[in-house]
Amino acid sequence: MSARLRTAAAVGGSRILGVGAYRPNRLVSNEEVAAPIDSSDEWIRKRSGITTRRFAAEDESVVSMAAEASLKALAQAGVAPESVDTVLLASMSYLEQSPAGAPQVAHLIGAKEPGAMDVGAACAGFCYALATGDALVRSGTSRHVVVVGSEKMSDIVSGTDRGTAFLFGDGAGAVVLGPSDEPGIGPVAWGSDGGRRELIAHDRTWLDVRDEAGPWPTLRMAGPEVFRWAVATAPRVARRALDLAGLLPQDVAAFIPHQANGRIIDSVARELQLPEGVAVAREVVSVGNTSAASIPLAMEDLLNSVALPSGSPALLVGFGAGLVHAAQVVVLP
């Protein structure tokens, strides 16, 4: 007689219990980043909508910022760190190949031997990690999951590259997921196009650094091509996420896209034909593009600045290097 496997007891759904954010103290103006790229405050505002961004200090890392944001999310959720059984870290700027950053984050927040792993999906990383955390809770594998996006983009962006220097900033945002009788995170709509990987990529590989003298590898982006891809892809995947959740654009209270660029956010919101009353996150203006951290940071900012009732549905959409994209509808805490 063959043995039969036992599976974890599934639950009705998962939901976001708390949100936390960490923004470095150093505020960097457009004037500061404009000089090395022969630009101006006016040009940067017109092209991106960004007025300032935050840069982390030398002693602030992807891991330390992730831990700070996670502790704030746990405090808001009322969940003790020792109750966390999984930590998921989304980042594209964590520079250590091994060990992964998530176990270090778990240690710093005081979690007791949780499962922990890094998620590498660039600016869509938070949505990918959120979908993974949701599946873990719904399946009964995990009960409380910390999902955190953390970036120190100032480590991988050249201050003299005209295509990227003015766009990116540093910071971390986190959510805590827990079980729910009803689904609080909708099905994820995601995808990739590896055939266009060169549109957002480092200019050199780590092997180049090992084998020959040369500059530190930094991020490069084909701006016009990425813009066209983003404004075509984000509305499509967002509509698919709404359809999977059984909702229409007028059913959501908030739209929280990846904070890539003010022009992209406005274009996608128009294309989705969101009603006037929908709150649209635009934290990119003050913190720049923080890649995997941008959606949870913008979520925290929106919850603190707009009177959104608990339980309001919000549409999330991420897109970036890979190329990758993902979207889902969540119920806000």
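The values are calculated or read from the model by the stated rules, or taken from the named source; none is laboratory data. Values in this document were obtained by computation on a predicted structure and should not be read as measured data. Every residue, glycine as well, gets a Cβ built from its backbone with ideal geometry; the counts of neighbours run over all protein chains shown. Side chains included, ligands, DNA and RNA excluded: accessible areas come from the protein's heavy atoms. Shrake-Rupley method; radii C 1.70, N 1.55, O 1.52, S 1.80 Å.
Observations on the structure shown:
- Of all the listed residues (Leu303, Leu247, Leu308), the sole one being more than 29 Å from Ser158 (Cβ to Cβ), open to solvent by 20 Å² or more (accessible area, probe 1.4 Å) and modelled with pLDDT under 95 is Leu308.
- There is no residue in segment 132-140 that is under 23 Å from Val284 (Cα atoms) and not in a loop (DSSP other than H, G, I, E, B).
- The set of residues in segment 263-286 being assigned to a helix (DSSP H, G or I), farther than 16 Å from Ala238 by Cβ and open to solvent by 10 Å² or more (accessible area, probe 1.4 Å) consists of Arg263, Val285, Ser286.
- Strands (runs of 3 or more DSSP E) (entirely within segment 1-99) containing at least 3 residues that are closer than 25 Å to Pro183 by Cβ and open to solvent by less than 60 Å² (accessible area, probe 1.4 Å): 13-22, 86-90
- Within segment 313-328, the set of residues being open to solvent by less than 10 Å² (accessible area, probe 1.4 Å) and either over 13 Å from the mean Cα position of the chain (by Cα) or closer than 20 Å to Lys72 by Cα (or both) comprises Ala314, Leu315, Leu323.
- Candidate set from segment 102-120 (those that are surrounded by fewer than 24 Cβ atoms within 10 Å (Cβ to Cβ) and of a type in the set (Gly, Ala, Ser)); member that is farthest from Phe319 (Cα to Cα): Gly110
Residue by residue, here is whether (1) surrounded by 16 or more Cβ atoms within 10 Å (Cβ to Cβ); (2) within 18 Å of the chain's Cα centre (by Cα); (3) not in a strand (DSSP E or B) holds:
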| position | (1), (2), (3) |
| --- | --- |
| Asp161 | yes, no, yes |
| Gly171 | yes, yes, no |
| Arg197 | no, no, yes |
| Asp208 | no, no, yes |
| Val226 | yes, yes, yes |
